[in-house]
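Undergrad: What follows is a structure written as structure tokens; I'll ask about it next.
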Amino acid sequence: MIRRVNGRSLWLMACAAFALAVAIPAAAQSTGMVRGVVLDAQGQPVDGAKINIDMTGGTNRHFDTKSNKKGEFVQIGLPPGQYAVTAEKDKQTSNTANLNVRIAAPAEARLVMGAGGPSKEVAAKAAELKKVFEEGVAASRAGNHDDAIAKFQAAAAINEKCFDCYYNIGFSYSQKKDYDKAEEAYKKATELKPDYAEAYNGLANIYNAQRKFDQAAAASQKAMEAGGAAAGAAGGGNADAMFNQGVILWNAGKIADAKKQFEAAVAANPSHAEAHFQLGMALVNEGNLPKAADEFETYLKLAPNGPNATQAKALVAQLKK
């Protein structure tokens, strides 16, 4: 005897299959942070100094904050990029800290009031490094990854300890799907900076792309360990690393474990849109349709024009019937 499957059952089965097959973005949008300390010439903390944080590279974005009694300061919510950070108080200014602000790991600044500037030779070298590095960033953003690699390699030749140079070399090689060279560059970045969460995430992404799921999970775990304290200080937890860990587990077919990571990412950062979307997909997969609809609606509120907005709208329309 042949048993008929009603339309609702067929639709639920299709939803589950769709959930397993959906493409998952590599990372979510987020912001970075700068923290540091302001000292006087004797090494004592400076209270109430105004901290100027200016985005460089042709983007006129300015942020400012104040140092506390310990001379410490923190500024969160910064778009990733290059920044010049200075302090001023009582008509005195500090040295300039040129920082590269990234997602997940804070950029550190040590500002000394009245400090003399660098020598002409050092200043010229720093200016050349900054120029070449920014040319690499521009090439990378334009999708010219061969040019970007050449620029970042030139920058690394100027400063052999430039871990950001090697990270960006790894990123460009990963975009070219040259995973062996990407792995080599990312590992060099972690050698120079052992707590470089972004580089570990880069390794996790290329291992995931090659279906080396055990290595991907190990690299993602290191990213969470390296970036957890810094991201926690910014108030968002290490949501990006948790999300990436969930992606890796999902692709490995470990849906229940992936769901736990997406839940953790949402708990750490309730504004993490992609984590809400993927949590919704996990809920569809286990048949919890009302809660899945809630997650898709949250995603649409956070990212109405996001990469998964069309899918989220379609799923909400079906789940709310």
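Read-outs: derived from the displayed coordinates by stated rules, not from any lab. Please read these numbers as outputs of a predicted model, since none were measured by experiment. In this analysis, Cβ positions are derived from the backbone assuming ideal geometry, glycine residues included, and neighbour counts consider all displayed protein chains.
Undergrad: Go through Lys131/Lys151; Lys176/Lys254; Lys188/Lys222; Lys161/Lys193; Lys130/Lys161 and tell me which ones have a Cα-Cα distance over 19 Å in this structure.
TA: From Lys131/Lys151; Lys176/Lys254; Lys188/Lys222; Lys161/Lys193; Lys130/Lys161, over 19 Å: Lys176/Lys254.
Undergrad: Working from the pairwise distances between different alpha carbons, so that the mean of 1/r is found and then inverted, what is the stretch 104-214's Kirkwood radius in Å?
TA: This gives a value of 14.9 Å.
Undergrad: Positive end of the charge dipole of the chain (Lys, Arg +1 and Asp, Glu -1 on Cβ, about the Cα centre): tell me which of Val284, Phe171, Tyr196 has its Cα farthest that way.
TA: Val284
Undergrad: Same structure again: Can you give the net charge of the other residues whose Cβ lies under 14 Å from the Cβ of Leu279, counting K and R as +1 and D and E as -1?
TA: -4
Undergrad: Just to be sure I understand, if you calculate mean projected area of the Cα convex hull in nm² for this structure, which of (1) 19.5; (2) 20.7; (3) 16.5 do you get?
TA: (1)
Undergrad: Which of Gln82, Gln245, Gln311 moves the most in a Gaussian network model of the chain with Cα springs under 10 Å?
TA: Gln311
Undergrad: Can you put Arg110, Arg141 in order of Cβ neighbours within 10 angstrom, beginning with the fewest?
TA: With the fewest neighbours first, Arg110, Arg141 line up as Arg141, Arg110.
Undergrad: Please arrange Arg211, Arg102 by how many other C-beta atoms lie within 10 Å of their C-beta, fewest to most.
TA: In increasing order of surrounding Cβ atoms, one gets Arg211, Arg102.
Undergrad: Can you compute the FRET efficiency between Lys177 and Ala154 using 1/(1 + (r/R0)^6), with r the Cβ-Cβ distance and R0 = 25 Å? Round to the nearest 0.05.
TA: With a Förster radius of 25 Å, E is 0.60.
Undergrad: So, by mean Cβ neighbours within 10 angstrom, what's the order for 281-291, 213-223 with the highest one leading?
TA: 213-223, 281-291
Undergrad: May I ask you to compute the full-extension gain from Lys66 to Ala309, defined as 0.36 nm times their residue separation minus their alpha-carbon distance, rounded to one decimal in nm?
TA: 83.6 nm
Undergrad: Could you work out the local net charge near Gly36, counting Lys and Arg as +1, Asp and Glu as -1, over the other residues with Cβ closer than 12 Å to its Cβ?
TA: Value of the local net charge: +1.
Undergrad: Size of the dipole of the chain about the Cα centre, Lys and Arg at +1 and Asp and Glu at -1 on the beta carbon, nothing else charged, in debye to 20?
TA: Here the chain has a charge dipole of around 900 debye.
Undergrad: Would you work out which of Ala126, Ala155, Ala142 lies farthest towards the positive end of the dipole of the stretch 118-193, given +1 charges on the beta-carbon of Lys and Arg and -1 on that of Asp and Glu, about the Cα centre?
TA: Of the candidates, Ala126 comes out farthest on the positive side.
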